[in-house]
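Single-structure report; data block below.
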Amino acid sequence: MSQTVAAEPGAGADAPAARRRSPFAVGLAAAAVALVIVGFVASVGAFPESWNFGLADPIDRTRRWLINNQTSHWLYTVLLNPLTDLADAGIRRLEAILRWFPWYVYPVFCGLGLWRVRGRLAGALGFCGVVLIGMTDLWQQGFATLALMGVAVFLSLLAGIPLGIAAWRNDRFAGVLRPTLDAMQTMPGFVYLIPFVLLFGIGRVPALIATVIFALPPVVRLTDVGLRNVPGSMVEASEMFGATDRQTLRLVRIPAARPAILAGTNQTTMLAMSMVVIAAFIGSGGLGQDVLRAMRDIDVGEASEAGIAIVIMAIILDRFTRGIATLGERGRGQGTAAHAGDSLRAADTVTIRWIAAATALVALVGGIVSHNKFPEWLQWHYAPYINDITAWARDNLYDIGSSGIGTGPLSDFITVYMVTPLRELLSSGIPWPAMIGLGVLGGLLARGVTLGLGIGIALFLIGWLGMWELSMDTLAQTLVAVAVTLAIAVPLGIQASHSDRFQKLIDPVLDFLQTIPSFVLLVPVITLFHVGRIPGIIASVVYALPAAVHYTDLGLRRVPAEVHEAATSFGATRWQRLRRVELPLAAPELMVAVNQVIMLVLAMVVIAGLVGGGGLGLETVNALRRSDAVGRGFEAGIAIVLLAGILDRLTRGVADRLRPPPAA
Amino acid sequence: MEPIVTVSGLWKIFGKKVDAARELAADGAGREQIQAETGCLVAVRDVTFDVHAGETFVVMGLSGSGKSTLVRCVSRLIEPTFGHMEVCGTILADASDTALRELRRSKMAMVFQHFGLFPHRRVVDNVAYGLEVQGVARDERHERAREVLSTVGLDGWADHYPQQLSGGMQQRVGLARALAVEPEVLFFDEPFSALDPLIRRDMQDELVTLQLELQRTIVFITHDFAEALRLADRIAIMRDGAFTQVGTPLEILTQPADDYVRAFTQDAPIAKVLPACSLMRPVGDVAVEEGWPRTTETATLESALPFLLSEHRPVVVCNAEGDPLGLLHQDDVAAVLEQNLR
C-alpha cells in the first residue's frame, strides 16, 4: 500500500509535443531547413578538406614521444611498465598452468562437462571439438587465447560485480554509469584497441586492457539489474529478522540475483572471446593471430582451421557459462513435483563428484608423467580440402555457367546498384550542410532539441576531423547491409512468431551464428566473395541476422493473444492482421531490432576494413598495422564512435516515439 | 496486565507537507480533499491501541485502508510520520538501528502475505534464517528449524526448495520461520489471503490450535471479516487509515459502531465463525449438572445450536480436559443471530 502514491496529473502526458513547440526547437528546425536549402543552392558537395582540424599530427607526435620515453619517463617506469609486467606475468602464469595438464584432460573434461549441462550429444560434440583443435596443431595457440581470455574475464568480473553493486546502491552513481555503459556498448570493439596501442604499443597487455573494458558492461549492468529486481518481500522479510544490511546483501540479495549475475558473466565471457580474437591486430597472439595471418595471405584453409578452433572454443565456453547459470534453477525445480526434483538433485551431485574425481585423477597422473603435448600421430589438417573447395567455389560459384547467376554477379549487383550510388549520394550528391541539416531535423523529430543539436555537432565534427567522405562510405555500406538484413530477417521473424515449429528449426542455427566471433565470420565469406566491400557487407548481414530475427519474433510474440483473437473475430485475413494489428503493435520492438542491427553491422563493417571494405574501417586497420598511421586511425576511430552514437540515438529515439503512451 | 505492544497517535503520511496534511485530517477532511490540497496521502490516521500478552489482535480492513502500512509502521519496516510505539518495553521511535535490530532478532517476527520466502535456500535454511542472522551455529539452528518444521506439520520437507511446495505448505514454512526465533510478538500481514479458501480454513484452524499451545502475542492483518472473527480476541475495523471500531468479535457483531461495520457483520456467517466461548458467561454460582449438553471452547457456535434450539438449558463450554469454562445461554445467542439477520 505504501506504493499507492498519487500520479501527478498531467505528468508524462505528451511532454514531447510540448517540447516540439518550444521556440528553441522552432529556431533549430528553421536553421536546419536553411542549411539544407543553402547547401543545395550553393552545391558545395563534400566537407571541404581544407577545414581539416588535423588531429592526426598531434596524435602522431604524442605517439612518437611515448615511444621515445618508454624507458625513461616516470609515467612508464613508475606506473605503466610495472602494470604491463604484472599483467603479462599473470597471463603467462595461467598459460603455464593450462599447459601443465595432460592434453587428454581437456577433451574429457569438456565432453563430460557438456554432457552434464547440455546432454549426451553436446558432450560428444564437445569432446570431438576439442580433439579437432589439437589435431589441427592449434593446441598452443588455443592456450594463449584461453589464458588471455581467462585473465580478462577474471579482471572484468573483479571490477564489474563491485561496480554493479555500487550502481545498485547509489542511484546517482548509476545515473552516471548507465549512459557510460550505453556509450561503451555502441562502440565497435575494434575502436577500443586504438587508444591502448597509442599508450602501450602492440602486445598482449593493451589487448588485455581493451578486452577487459570491452567485456565489462554486461556484468555491471546485469549485476545492477539483478539486485534491483530482488523482490521487496524477500528483503523485507530479511530485515524483519534483524539482518544487517551486509547480511541481507550476502545472504539474500546476491544469491537471489545470482541468475542475472551469471547471465552477465556469460555475456561478458562471449564479448571477451570476440575481443581477444580481434585483438590479434595488436599482437595478442593466439588463435586470432593465425586467422589474421592466413587472411592476409588469403589462405582460406589455414584461416578456416584457426577460425573453427575459435568457434569451437566460443561455443564450449558459451554452453558452459550458460549451463552453470541454469544448473541451480533446474535443481530447485518449479511446482510441486518435489520428489522428482529431489532425486534429480541427488543424481546431479553424484555426477558432479564423479566427473571431478575422474578428471582430477587423470590430470594428476598425466601431469606427473607430462603428457602435456598433443600427440603428433593424431594430427590431421583439413586446410588443403578447404582450399580445394574454395578454389572450386571461385571457379564454379562465382558465375555459374556464365549465366549471370552466382556470387560474382551478386556482388556486382550490390556494388553497382546499391553501395556505389548510395555512397555517391551521401558523400557528394547531398551537400554537406544539407546533410547536417537533415541530421538535425531527424534528431528533432525523433527526440527533440538535444538530439537534433547533438547530431548536428557530431556530423560537423566528423567533417572537421577530415573523415567526411570515409564516414559516408562506411554509412553507405552500413545502410545497405541493414536493408539487406532486415529484408531477410523480418520475414523469418514473422514466420518464427507464427510457427513454433519453424522457430525451433531456426533457433539452433541462429544461436550458432551468434556464438561465432565477428572476425571469424569473414573467413567463409571471403571464400565465396573474394575481397572488397561486398564480403564485409555479407558478413555484416550474417552477423546481424540472429539479433534481427530474434527481436522481430519477440516483438510479434508479445502481441497479446486477445488482440489476435479480436482481430480474427472481425474477419481479418492473416495478412490484414499482420499489417494492421501485429506490426504496429510490435513497432517499438522492431525498431529495437533495427537499432541492434545497425550497431552490429557497423561493428562488422569496420572490421571488414581488413578484407578491403574501405571506409573508416580501413583507416583503423591501418592504424593498428602501421605505427605511422595511428593518428589517422585515431581520427577514424572517433568518427566511428560519433557515427555509432548518431545512429544509436536516432533509432532509439524513434523506438521510444513508437511506444504507446504509458497507462494513466 | 502489561501491554506488550502499545501504539498511540500513530500517523503515516506519504508526501512532503505532512503537517498541513495532519491538520486537515484532524479537522475531519477526507482522503481526496487532503490529496488535492497538499499532495499528501494519509495512509494511517491517528491510530491508538494496545495489545496484551497472549492476545490476538486483528486489524481488519479492505484494500487501501492502510492496514499493511500500519503493521509495517508498528514493526518499523517503514518509518511512521508521527506517533509513539512501544514493543516489549522498547520505544521504537528512539531506537537506534542496533537496538531495533536486536528487538527484531529476539522479540518479534512477521509472516508475510506473499510468504517472502527465499527461493535460493532450502526450506530448513529458510526457517533457520532468523537464527543464522543472530549468529547461531549451523547444527544448532538446523536442529531448531527441524523441530519447528515438525510443529507446523512439515516433517520431511526440510531439504526441498520452497518452490517445490504448495502455497499452503509455503506459508507453513513462513510461519515456521517466524516461530523459530521464539518471538514474543508475531505480526501476520494477510498471511492466508493468497491461499485458496479450503487451505485458508485449514491454516486458520491450525493457527488457532497452535496459539492455544504457544500463547504468543499476535497482531494479525486481514481483509477477511470471517477470518477476523475466527481468530481474534479483539478486532479493529480500519477504514481510510483510521480505526472505526475496536472490540471483541461479540461487541463488533452485536454493537456495530456504524453502518460501515454493520455492512460487514451482515454478511458474516456468525454461527460458523464465532467460537462458542465468545458468547459464554462465567459459570458463577450455577451448579453445572451432569446431563447438560457440552461443547468445547474451540468449537463454533454452530456446534451448540442443535442443543440450544431443542433444550431450554444452557450449553456447557469445556476446555480440552473437560472442565467447564462457562455457559452458553440461548438468549445471548439469539440476540447475536438476530442482530446478524437485521
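Side notes on the structure shown:
- Chain B: C-alpha gyration tensor shape, a/c 1.5 cut-off, then a/b vs b/c: oblate
- Chain B, relative contact order [Cα under 8 Å, separation at least 6], %: 18 percent
- In a simple Cβ point-charge model (Lys, Arg +1; Asp, Glu -1; nothing else charged), region B:276-341 has a dipole of about 80 debye relative to its Cα centre.
- Label zone of A:Asp171 (point 7 Å out along Cα→Cβ, amide N under 14 Å): in region B:66-95 this covers no residue at all.
- Farthest toward positive dipole pole in chain A [+1 Lys/Arg, -1 Asp/Glu at C-beta], among A:Gly617, A:Tyr398, A:Ala294: A:Gly617
- Neighbouring Cβ atoms from other chains, within 10 Å of the Cβ of residues in A:230-237, number 6 on average.
- Other protein chain Cβ atoms within 10 Å, averaged over every residue that makes up A:240-250: 6
- Cα centroid separation, region A:573-645 to region B:274-318: 84 Å.
- Candidate cross-link partners of B:Lys67 among the lysines, defined by an alpha-carbon separation under 16 Å and a same-chain spacing of 8 or more, comprise B:Lys12.
- Label sites at B:Ala334 and A:Val26, each approximated as a point 7 angstrom past Cα along Cα to Cβ, lie 8.5 nm apart.
- For region A:474-575, the set of trypsin sites (Lys or Arg not before Pro) satisfying both a DSSP loop assignment and a count of at most 13 other C-beta atoms within 10 Å is given as A:Arg558.
- Per-residue packing, averaged as other Cβ atoms within 10 Å, sorts the ranges A:307-318, A:40-51 into the order A:307-318, A:40-51, beginning with the highest.
- Between A:Val365 and A:Gln70, the C-beta separation translates, for a Förster distance of 56 Å, into a calculated FRET efficiency of about 0.75.
- Axial C-alpha extent at least 24 Å, average Kyte-Doolittle at least 1.0 - helices from chain A (DSSP): A:23-42, A:139-169, A:204-228, A:254-278, A:468-498, A:583-607
- Note on A:Arg61 and A:Arg228: the model spin-label points, each 7 Å out from Cα along the C-beta direction, lie 4.5 nm apart.
- Taken along the Cα-to-beta-carbon direction at a fixed 7 Å, the label points for B:Gln215 and B:Asp159 span 3.9 nm.
- For the peptides B:274-282, B:77-85, B:261-269, residues were scored by their other Cβ atoms within 10 Å and the scores averaged per peptide; the highest-first order is B:274-282, B:77-85, B:261-269.
- Rounded FRET efficiency, nearest 0.05, which uses the C-beta distance separating A:Arg258 from B:Gln33 and R0 of 41 Å: 0.30
- Which of A:Pro217, A:Ile202, A:Val235, positive extreme of dipole for region A:152-256 (C-beta unit charges): A:Ile202
- Prolate/oblate/rounded call for region A:441-514, Cα gyration tensor, a/c under 1.5 rounded: prolate
- Value of relative contact order over region A:567-664, rounded to a whole percent, pairs C-alpha under 8 Å and six or more apart: 28 percent
- Taking a straight Cα-Cα cut-off under 20 Å and skipping sequence neighbours fewer than 8 places away in the same chain, the aspartates and glutamates within cross-link reach of A:Lys504 are A:Asp318, A:Asp553.
- Extension gain from B:His52 to B:Glu79, taking 0.36 nm per residue of separation minus the Cα-Cα distance: 7.4 nm
- In order along region A:403-413, the Karplus-derived 3J(HN,Hα) couplings, from 6.51 cos²θ - 1.76 cosθ + 1.60 at θ = phi - 60°, round to 8, x, 10, x, 6, x, x, 4, 5, 4, 4 Hz, and Gly and Pro are given as x.
- Dividing the mean sequence gap of close Cα pairs (under 8 Å, 6+ apart) by how many residues chain A holds gives a relative contact order of 20 percent.
- Nearest-20 debye value, chain A charge dipole, Cβ charges on Lys, Arg, Asp, Glu: 1380 debye
- Projecting the Cα atoms of B:Met85, B:Thr209, B:Val124 onto the charge dipole of region B:52-272 (Cβ charges, centred on the Cα centre) puts B:Val124 farthest toward the positive pole.
- Across peptide B:161-167, the mean count of Cβ atoms from other chains lying within 10 Å of each residue's own Cβ comes to 5.
- Applying 1/(1 + (r/R0)^6) with r as the Cβ-Cβ distance of B:Asp97 and A:Leu83 and R0 = 51 angstrom yields a FRET efficiency of 0.80.
- Within the protein assembly as shown, percent of DSSP bridges classed antiparallel, to nearest 5: 55 percent
- Remark: region B:52-272 carries a charge dipole of roughly 280 debye about the Cα centre, counting +1 on each Lys and Arg Cβ and -1 on each Asp and Glu Cβ.
- Peptide packing: for A:176-189, A:516-529, A:70-83, the average count of neighbouring Cβ atoms within 10 Å per residue gives the ranking A:516-529, A:176-189, A:70-83, highest mean first.
- Added length on full extension, which subtracts the Cα-Cα distance from 0.36 nm per residue, A:Leu121 to A:Ile298: 60.3 nm
- Over chain A: helical MRE at 222 nm, DSSP H runs n ≥ 4 each giving -39500 (n - 2.57), nearest 500: -25500 deg cm²/dmol
Coordinate-derived values only; no laboratory data. For clarity, every value in this text was computed on a predicted model and none was experimentally measured. Cβ coordinates were reconstructed from backbone atoms using ideal geometry, including for glycine residues, and neighbour counts include every protein chain displayed.
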